[in-house]
Amino acid sequence: MLALVISPESATGLRLADVAEPQPASNEALVSVHATSLNRGELRLLAIRPKGWIPGQDIAGIVERRAADGSGPTVGARVVALVDEAGWTERIAVPTDRLAALPDDVSFVSAATLPVAGTTALRTLRHGGDLAGQQVLITGASGAVGRFQIQLARHQGGFVTAVAAARHAEDLRGLGARQVVEAIDLAEGPFSLITESVGGQSLACAIERVAPGGTIVMFGSSSGELTPVGFRQFVPDHEGARLQTFAYYTSGPGIGEDIASLLALVAAGRLETRVALTVPWTDIAQALDALRQRSFSGKAVLTITG
Ligand SMILES: NC(=O)c1ccc[n+]([C@@H]2O[C@H](COP(=O)([O-])OP(=O)(O)OC[C@H]3O[C@@H](n4cnc5c(N)ncnc54)[C@H](OP(=O)(O)O)[C@@H]3O)[C@@H](O)[C@H]2O)c1
């Protein structure tokens, strides 16, 4: 079968190669992949993983062989899953607790946007507790995760301030942001929950805006910049605030259930999945370039064509 593998010799750093068929464990279904999407974190993984490694975390496809232990969906079921690697492939073995059934009226392409970005949005917001009536600040708000965070925080009754370039303001207000500011310095606060994925000066400004006892969830560093952090930034005015790190891969069990709850919102028309770009996986270079150039808001999706 074919997979996109790391190949330092090729111009894109990837090539389609023949790889061994997966050998599912008893709790794993064999899934034939129809669509997958790119995540910003994969840009870093492409640079640090060895030759022959297969990237890819978001998959949507069809169960080709049910898990031997009888768990999970049956043959022919349309499914979505979050895997830790090797999703950019024709077939993959997936633990059934990482799988969710895909409703008939949600496409593979739309569903492929959800696993990493949607689960991250849902789980980072949980660190804020009950968001009803709370002020929530979202940095990197025009990104894949940020767009989901805006919508989910608003559903939960939070008042969202989004940090994003002015060209995204109308779009993000349409998703539920009460205010869109071009730079975090313009966000007034205080905020009981701040989701921070830009790093550097953005994280420093987030500390200045967190309410006493509030939470900053640090889950990314899109700028690649570090932030000096000290006690004096919290005192006075931010006493009891906490800096919470988040990584989806250590965020606990129930991934399949969380993807299912996101899919239910999509099917009900309550969660928009913005597919900014769809290309066959043979055009991976185009999708990677667009992600590197930050030329879209939402997700780039690859379709797996035989
Ligand atoms: N910890 C985890 O488990 C986890 C899970 C998912 C994602 N992440 C991380 O969270 C971040 C957001 O993910 P995503 O999928 O939403 O990414 P994305 O779609 O690429 O969005 C990135 C967002 O950050 C903004 N941004 C501001 N400064 C930037 C810079 N210097 N470089 C790149 N973007 C910048 C972008 O704004 P513009 O509109 O100006 O481009 C955009 O809104 C990434 O760093 C990703 O690696 C972490």
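Do you know the relative contact order of the chain, to the nearest whole percent, from alpha carbon pairs under 8 angstrom that are 6+ apart?
The value is 18 percent.
Checking the a/c ratio against 1.5 first, then a/b against b/c, what shape does the Cα gyration tensor give for region 1-68?
It comes out prolate by the Cα gyration axes.
Work through the residues other than ILE6 whose Cβ is under 13 Å from its Cβ and net out their charges, Lys, Arg +1 and Asp, Glu -1.
In short, +1.
With each label point set 7 Å from Cα along the Cα-Cβ vector, what nm distance links TRP53 and ARG242?
Going from the TRP53 label point to the ARG242 one covers 3.1 nm.
Find me the longest stretch of the chain that has none of the exposed GluC sites (Glu not before Pro), where exposed means in a DSSP loop (not H, G, I, E or B) with at most 16 other Cβ atoms within 10 Å.
Result, exposed sites excluded: 86-181.
Rounded to the nearest 500, what is the chain's calculated 222 nm mean residue ellipticity when only DSSP H runs of at least 4 contribute -39500 (n - 2.57) each, over all residues?
Per the formula, -7000 deg cm²/dmol.
Provide the three semi-axes, in whole Å and in decreasing order, of the ellipsoid equivalent to the chain as defined by the square roots of 5 times the Cα gyration tensor eigenvalues.
With the √(5λ) rule applied to the chain, the semi-axes are 34, 21, 18 Å.
Note down the net charge around GLY213, summing +1 for each Lys or Arg and -1 for each Asp or Glu among other residues with Cβ under 10 Å from its Cβ.
Net charge around GLY213: 0.
Only helices at least 27 Å long along their own axis, judged from Cα atoms, and with Kyte-Doolittle mean hydropathy of 1.6 or greater: name those in the chain from DSSP H.
None clear 27 Å together with a mean of 1.6.
Can you give me the convex hull volume of the Cα atoms of region 128-207, divided per residue and expressed in Å³?
Considering the Cα atoms of region 128-207, their hull volume per residue is 76 Å³.
List the longest stretch of the chain that has no exposed loop site; here a site is one of the trypsin sites (Lys or Arg not before Pro) assigned by DSSP to anything other than H, G, I, E or B, with at most 14 other Cβ within 10 Å.
The reported range is 52-177.
We did not get these values from a lab; they are worked out from the coordinates using the rules stated. The structure presented is a predicted model; accordingly, all values stated were derived computationally and were not measured. Quick reminder, even Gly has a Cβ in these numbers, built from the backbone with ideal geometry, and neighbours come from all protein chains shown.
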